[in-house]
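Peer 1: Here it is, the structure in full.
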Amino acid sequence: MQQDLVHAIKSNPKYHELVSKRSRFAWIMSVVMLVIYYAFILTIAFDKPFMATPLWSGSVTTVGIPIGIGVIISAFILTGIYIRRANAVFDKLNREIKEEVL
Amino acid sequence: MSFWKRAFPTLLLMLVAGSALAAGGDLGAVKKAEVNIPAIVMFLVFVAATLGITYWAAQRTKTAKDFYAAGGGITGFQNGLAIAGDYMSAASFLGISGLVFLNGYDGVIFSVGWLVGWPIIMFLIAEQLRNLGKYTYADIVAYRFERVPMRTLAATAALIVVILYLIGQMVGAGKLIQVLFGLDYTYAVIIVGILIILYVTFGGMLATTWVQIIKACLLLAGATIIAFGALYLASDGSMSPERMFAKAVEARKGDLSIMGPGKLVSDPIEAISLGLALMFGTAGLPHILMRFFTVSNAIEARKSVFYATGWIGYFYILTFLMGFGAIVLLTGHPEFADPSAVGGIKGGQNMAAVNLSAAVGGNLLLGFISAVAFATILAVVSGLTLAGASAISHDLYANVFAHGNVDEQQEVRVSKMATVVLGIIAILLGIAFEKQNIAYLVALTFSVAASANFPILLMSIYYGKMTTRGALIGGWLGLISATVLVIVGPTVWKEILQLGDPLFGYKYPAFISMTIAFLGIWIGSIMDNSERAKKEHEAFIAQDVRCQTGIGAEGAASH
């Protein structure tokens, strides 16, 4: 890419808005996923009896089953949330930057 | 090219005839199943269809971009299915359902770990990969750094991961086919090897992707039928999971431990380390990273991850249902029993899903699932072989030996030769490792991917002060420490080499080797005051602009 184009983009305030918004959002979402996952795996490591508690009195289904499936579904939902915001906010900013500099 | 085109139909005929012959002959040996006619018919239909696709793809595969990246014309939805297909390997289809069948809840822990890597890939690297890369992930780590050493490192790490992964798949393929089709192990491995060479050399990424997509659809359909069929039968027609779990506990003579976590994760450090290897190892697998270059832009790359996460998550929930369904429907049924095998069922625990298909849908469903399981291996091995061949041709040959002065046709020719060589290596390794314990390969593959590939990939995107020296120090240290720690760890040192207590107490060394890699990159970079380092800091600005906006990206839409 030519240097002047890089500078034009770099000095565009919308570029900074895009970078800071997207990076912040991406790292927050990553941390959320990590926290969910490590909460799950560390509960398994430290408190097995809790995961094996019956879901309701007399049930065979344990608390661990909806939690495990919940982690799987949360991964899908988090990617969905990211896509929504990326389509609505980041892509729009990106388009505007391209229109202004190209 | 014309040679390939002329040779293709002949090879196709030879192969179909050869596999039919091999299936008919040599059925006397022990431990092989009776010939399952529906399975063989459906398998041959699949092979014929995929070879048809390969022929179609061969006529559309002309340039290097076609060969490595399917011309960049795969949509996000299709790519999501293909990625999910790479993930739904025979190891996860048969392995996880078998693990649930054997240990109940513990089987879920692996699947959750593999899945949660996906959102992280999406948030931190998917779009950036598409914006910076061309054909292989080495394109990104060599973007602003010195080409020769960085490509060498990236290609070495990629090849190690590909070959380790290949061994597991080939051995799995051989054993699976032996059990399912009553075919000799060696023949089975050779047939797989020949088929993948055909798919990849003739059809490149386009054929590899479509084989993967078709297989993903077949596998999702098959797994859905078995899982819900099993739930229906195991819950006496009520479709209530609670009823199925209750009957599973009953089948295990009141053993409630299958409903909660067991022995798999006991030590918190092992838990953290396993999690790191599964999550970030995924983000360092070359055959998965390569899929991000087959879509036209970052938006499609993002969509692929969304669809892939959905399909993979759904698939893992199915394997969970299958495992519990198998406990109910296989335990205590003499037609599936084999007291000498692991788990007490025919073919051992890994055949739980296959036996279950017979319990749910009789011989026809068994045949379908057997064919799909074989197709799964073919598709995954093709993707791996293509990734390995690209590392050889695009990174080592074109960029290291020829210093970038090579024409496209020559590079594609080299990658086709590399494919043939890798296919032969895969066959030989498959035969050599037939009777070996390969359990450690999973730990090793994911630890190397998480410790060598992932750190330099992530840091080259986000760390502007990284230099070639830092990347090389961190990358090599990560690669070496992960390998050494797996060798002196419990699986290899104690169980395989039987040298007594392991020198390193954890099966998954990722928590140490990843830390070493990141520290190596950081310290190596801040200590680097060379002229080259200054240029690399400056080059980060341009890289970051392209990475963030996609302006200047390969195959980006023109405005």
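What follows is calculated from the coordinates using simple rules that are stated; it is not laboratory data. Just so you know, these numbers come straight off a predicted model, no measurement behind them. Using ideal geometry, Cβ is built from the backbone for each residue, glycine included, and neighbour counts are taken over all protein chains shown.
Peer 1: With the dipole of the protein assembly as shown worked out from charges on the C-beta (+1 for Lys and Arg, -1 for Asp and Glu) around the Cα centre, which of B:540, B:261, B:156 lies farthest toward the positive end?
Peer 2: Highest projection toward the positive end goes to B:540.
Peer 1: Starting from the amide H of residue A:62, placed 1.01 Å from N in the peptide plane, find each other amide H under 5 Å away whose residue is 5 or more places distant or on another chain.
Peer 2: Residues meeting the criterion, in which the H sits 1.01 Å from N, are A:55.
Peer 1: Apply the Karplus parameterisation 6.51 cos²θ - 1.76 cosθ + 1.60, with θ equal to phi minus 60°, to every residue of region A:72-88 and state each ³J(HN,Hα) to the nearest whole Hz, in sequence, with x for glycine and proline.
Peer 2: Going residue by residue, I get 4, 5, 4, 4, 5, 5, 4, 5, x, 4, 4, 4, 4, 5, 4, 5, 7 Hz, with x marking Gly and Pro.
Peer 1: For the residue pair residue B:267 and residue B:499, what label-to-label distance in nm results when each label sits 7 Å from Cα along the Cα-to-beta-carbon direction?
Peer 2: The modelled label-to-label distance comes out at 1.8 nm.
Peer 1: Looking at the square roots a ≥ b ≥ c of the eigenvalues of the Cα gyration tensor of region B:382-500, which shape do they give, rounded for a/c under 1.5, prolate if a/b is larger than b/c, or oblate?
Peer 2: Numbers: a/c = 2.94, a/b = 1.22, b/c = 2.42.
Oblate is the answer for region B:382-500, as a/c is 1.5 or above yet b/c matches or exceeds a/b.
Peer 1: On to the next question. Taking the Cα centre of region A:3-101 as origin and charging only Cβ (+1 Lys, Arg; -1 Asp, Glu), how large is the dipole, in debye to the nearest 20? Intermediate values should be presented prior to the final figure.
Peer 2: Working: 11 positive and 7 negative charges, 15 e Å.
With Lys and Arg at +1 and Asp and Glu at -1, about 80 debye.
Peer 1: Mean Kyte-Doolittle of at least -0.5 plus a Cα span of 30 Å or more along the axis: flag which DSSP H helices in chain B meet both, please. Each step should come with its number before you reach the end.
Peer 2: Numbers: long enough: B:2-24 (34 Å, 1.12); B:37-60 (35 Å, 1.52); B:147-181 (48 Å, 1.49); B:185-234 (45 Å, 1.86); B:298-330 (46 Å, 1.25); B:352-390 (42 Å, 1.71); B:408-432 (35 Å, 1.15).
Qualifying helices: B:2-24, B:37-60, B:147-181, B:185-234, B:298-330, B:352-390, B:408-432.
Peer 1: If you don't mind, there's one more thing I want to ask. Ignoring everything except DSSP H segments at least 4 long, calculate the 222 nm mean residue ellipticity for chain B; use -39,500 (n - 2.57) per segment, divide by total residues, nearest 500. Please report the intermediate quantities before stating the final value.
Peer 2: Values: 21 runs with 384 residues, N = 559.
It comes out at -23500 deg cm²/dmol, rounded to the nearest 500.
Peer 1: Identify all lysines with a Cα-Cα distance to residue A:98 below 19 Å; exclude those on the same chain that are fewer than 8 residues away in sequence.
Peer 2: Partners found: A:10, A:14, A:21.
Peer 1: Can I ask one more? Arrange the peptides A:45-55, B:275-285 so that the one whose residues have, on average, the most other Cβ atoms within 10 Å appears first.
Peer 2: Working: A:45-55: 14.9, B:275-285: 26.4.
In decreasing order of mean packing, A:45-55, B:275-285 become B:275-285, A:45-55.
Peer 1: Ordered by packing density, taken as the mean number of other Cβ atoms within 10 Å over each peptide's residues, highest first, how do B:189-201, B:386-398 rank? Walk me through the numbers on the way to the answer.
Peer 2: Details: B:189-201: 25.1, B:386-398: 26.7.
Taking the mean over residues of other Cβ atoms within 10 Å, the ranking is B:386-398, B:189-201.
Peer 1: On average, how many beta carbons from a partner chain sit within 10 Å of the beta carbon of a residue in B:100-113? Show your work: numbers first, answer last.
Peer 2: Values: counts 0, 0, 0, 0, 2, 8, 1, 1, 9, 5, 0, 3, 12, 4.
Across the residues of B:100-113, the mean count of other-chain Cβ atoms within 10 Å is 3.
Peer 1: Right, here's the next one. Between residue B:56 and residue B:240, with labels modelled 7 Å along Cα→Cβ, what's the label distance in nm to one decimal, could you check?
Peer 2: Between residue B:56 and residue B:240, the simple spin-label model gives 4.7 nm.
Peer 1: Placing unit charges on C-beta atoms (Lys and Arg positive, Asp and Glu negative, everything else neutral), compute the dipole magnitude of region B:98-216 about its Cα centre in debye, rounded to 20. Can you show the working numbers first?
Peer 2: Numbers: 7 positive and 5 negative charges, 59 e Å.
It works out to roughly 280 debye.
Peer 1: Jot down the radius of gyration and Dmax of chain A, Cα atoms only, both in angstrom.
Peer 2: When restricted to Cα atoms, chain A yields Rg and Dmax of 21.4, 71 Å.
Peer 1: Sticking with this structure for a sec: If a/c stays under 1.5 just call it rounded; otherwise compare a/b with b/c (prolate if a/b is bigger, oblate if not). Do that for region B:274-342, with a ≥ b ≥ c from the square roots of the Cα gyration tensor eigenvalues.
Peer 2: Numbers: a/c = 3.43, a/b = 2.48, b/c = 1.38.
Cα axes put region B:274-342 in the prolate bin.
Peer 1: Could I ask something else about it? Would you mind checking the radius of gyration and Dmax of region B:440-549 based on alpha-carbon positions, in Å?
Peer 2: In order Rg, Dmax, the Cα atoms of region B:440-549 give 16.7, 55 Å.
Peer 1: While we're looking at this one, here's another question. How high is the FRET efficiency from residue A:47 to residue B:255, r the C-beta distance, R0 22 Å, rounded to 0.05? Write out the running numbers ahead of the final one.
Peer 2: Numbers: r = 20 Å, r/R0 = 0.93.
Efficiency for this residue pair is about 0.60.
Peer 1: In straight Cα distance, which aspartates and glutamates are under 12 Å from residue B:303, not counting same-chain residues fewer than 8 positions off?
Peer 2: Output for residue B:303: B:127.
Peer 1: Report, as an integer, the average count of C-beta atoms from other chains found within 10 Å of each Cβ along A:56-64. Each step should come with its number before you reach the end.
Peer 2: Working: counts 1, 0, 0, 4, 13, 8, 8, 2, 7.
Per-residue shielding by partner chains comes out at 5.
Peer 1: Let me ask something else about it. Percentage of Cα-Cα pair distances in the protein assembly as shown greater than 33 Å, rounded to whole percent?
Peer 2: Values: 100715 of 218130 pairs.
More than 33 Å apart: 46 percent of the Cα pairs in the protein assembly as shown.
Peer 1: Return the average number of partner chain Cβ atoms within 10 angstrom of each residue Cβ along peptide A:43-53. Could you put the intermediate results ahead of the total?
Peer 2: On the way: counts 3, 13, 11, 3, 1, 8, 2, 2, 4, 8, 2.
Shielding by partners across A:43-53 averages 5.
Peer 1: Sticking with this one: Would you mind classifying region B:196-289 by shape? Square roots of the alpha carbon gyration tensor eigenvalues, ordered a ≥ b ≥ c; an a/c under 1.5 is rounded, otherwise it is prolate if a/b is larger than b/c and oblate if not. Each step should come with its number before you reach the end.
Peer 2: On the way: a/c = 4.00, a/b = 1.40, b/c = 2.85.
In terms of gyration-tensor shape, oblate.
Peer 1: 7 Å from Cα along Cα→Cβ at both residue B:462 and residue A:102: what's the point-to-point distance in nm?
Peer 2: So the two model labels end up 2.8 nm from each other.
Peer 1: Hey, another quick one. From the residues B:233, B:68, B:444, which one has its Cα farthest along the dipole of chain B in the positive direction, the dipole being from +1 and -1 charges on Cβ of Lys/Arg and Asp/Glu about the Cα centre?
Peer 2: Going by the charge dipole, the pick is B:68.
Peer 1: Can I ask one more? Taking the Cα centre of chain B as origin, sum charge times position over the Cβ atoms of Lys and Arg (+1) and Asp and Glu (-1), and report the length of that vector in debye to the nearest 20. Each step should come with its number before you reach the end.
Peer 2: Numbers: 34 positive and 31 negative charges, 144 e Å.
My answer is approximately 680 debye.
Peer 1: Can you compute log10 of I(q)/I(0) for chain B with the Debye formula, treating each Cα as one identical point scatterer, at q = 0.07 Å⁻¹?
Peer 2: Each listed q corresponds, in turn, to -0.39.
Peer 1: Let me ask another. Under 30 Å Cα-Cα from residue B:435, which lysines qualify once same-chain neighbours fewer than 8 residues away are excluded?
Peer 2: B:31, B:32, B:175, B:215, B:263, B:346, B:494, B:507
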